[in-house]
Every structure is written in C-alpha cells, then in structure tokens.
Amino acid sequence: MLHPRELELSGDALASLTQILAIMNDEVLRAENVAPRWEIETLLDLEYRLGVTIGIDDVGPPPEGSRTVVLGIDDVALLLDGMAFTEIFSAELPWFELVQWTTEFVTGELRRYWTDDEWRAWSAR
C-alpha cells in the first residue's frame, strides 16, 4: 500500500465501492477485459480492508453509519480503474448520465486525500 490515508466512508460510499469491487471480481473470474493489475488476491485484500464480502455486501441496503478505512493511493487508483471500466461498459444504458455523474463525484471524493503531486508521481510510475 502506497501513501496510506485514513478515509471516512459513509454507508452509501462503502456500498458503491463494494459494487465496483464486485464488478471487478466478476471480470477477473471471467478473465475478460481484465486490466493487468486486476489480480484476485489484490481485490480480495481490498475487500478485507474495506470490511466487506463480495456476494453478501454488494446486494441489499448500504450499511448504516460510516466506517474509517485505510487505503493507499494504489488502492484508490485500482478502484478508479474499476469505475472507469464500469462507465465504459454502461455507455448504452439509459441511465448512462447518472453513471458519469457518479464516477466524477466519487473520483473527486477519493482523489482528494492525496495531493496533485502525489497523483502525478503515481501516474508517472
């Protein structure tokens, strides 16, 4: 984990990230359209640190309250990859504009924990 930060996630935010992880897990298990750094072990570790279980926590109502989790810039970059993937494959859906808005909002919320310089350094690796 690179540049770890404590993030306070609402139940809705946690539910959204859990859904993204579930989509990523599905793609890894089908071995289709998989980004090279989407490894099942990495996704399982992220599930564990978020305190969720895919298949159980990715359906139903979001958890109440908020949860503090420790994520690194690499974790967030991975989640943002998953969001971008979801957005691309949602282009033909009638609610695509909502998917775009959600992606932009969540990206801003997650990226704010690291400076622009840290993001540039991460991207340059």
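The values are calculated or read from the model by the stated rules, or taken from the named source; none is laboratory data. Being a predicted model, the structure only gives us computed values, none of them experimental. Every residue, glycine as well, gets a Cβ built from its backbone with ideal geometry; the counts of neighbours run over all protein chains shown. Keep in mind that these areas ignore ligands, DNA and RNA; they rest on the heavy atoms of the full protein, side chains included. Shrake-Rupley method; radii C 1.70, N 1.55, O 1.52, S 1.80 Å.
Looking only at residues that are modelled with pLDDT of 75 or more and open to solvent by 30 Å² or more (accessible area, probe 1.4 Å) in segment 47-64, which one is nearest to residue 6 (Cα to Cα)? Restricting to residues being modelled with pLDDT of 75 or more and open to solvent by 30 Å² or more (accessible area, probe 1.4 Å), the top hit is 49. The residue that is farthest from residue 72 (Cα to Cα), counting only those in segment 100-125 that are charged (D, E, K, R) and not in a helix (DSSP H, G or I), is 125. Pairing each residue of segment 35-54 that is closer than 14 Å to residue 79 by Cβ with any residue that is at pLDDT below 85 and part of a loop (DSSP other than H, G, I, E, B), provided the two are 6+ apart or on different chains, yields C-beta distances under 7 Å for 47/53; 47/54. Scanning segment 80-99 for residues that are assigned to a helix (DSSP H, G or I) and at pLDDT 90 or above gives 80, 96, 97.
With respect to the conditions (1) modelled with pLDDT of 90 or more; (2) part of a helix (DSSP H, G or I); (3) surrounded by 10 or more Cβ atoms within 10 Å (Cβ to Cβ); (4) not basic (Lys, Arg), residue 44 falls short on a single one, namely (1). Residue count for segment 10-20, restricted to those that are open to solvent by 10 Å² or more (accessible area, probe 1.4 Å) and either assigned to a helix (DSSP H, G or I) or under 13 Å from residue 84 (Cα atoms) (or both): 6.
Please verify whether residue 23 is open to solvent by 40 Å² or more (accessible area, probe 1.4 Å), within 13 Å of the chain's Cα centre (by Cα), modelled with pLDDT under 85 and over 23 Å from residue 2 (Cβ atoms), treating the condition exactly as stated. Here the answer is yes, as residue 23 does meet what is asked. Residues in segment 65-79: is at least one part of a helix (DSSP H, G or I), of a type in the set (Asp, Glu) and open to solvent by 50 Å² or more (accessible area, probe 1.4 Å)? No: segment 65-79 contains no residue that is part of a helix (DSSP H, G or I), of a type in the set (Asp, Glu) and open to solvent by 50 Å² or more (accessible area, probe 1.4 Å).
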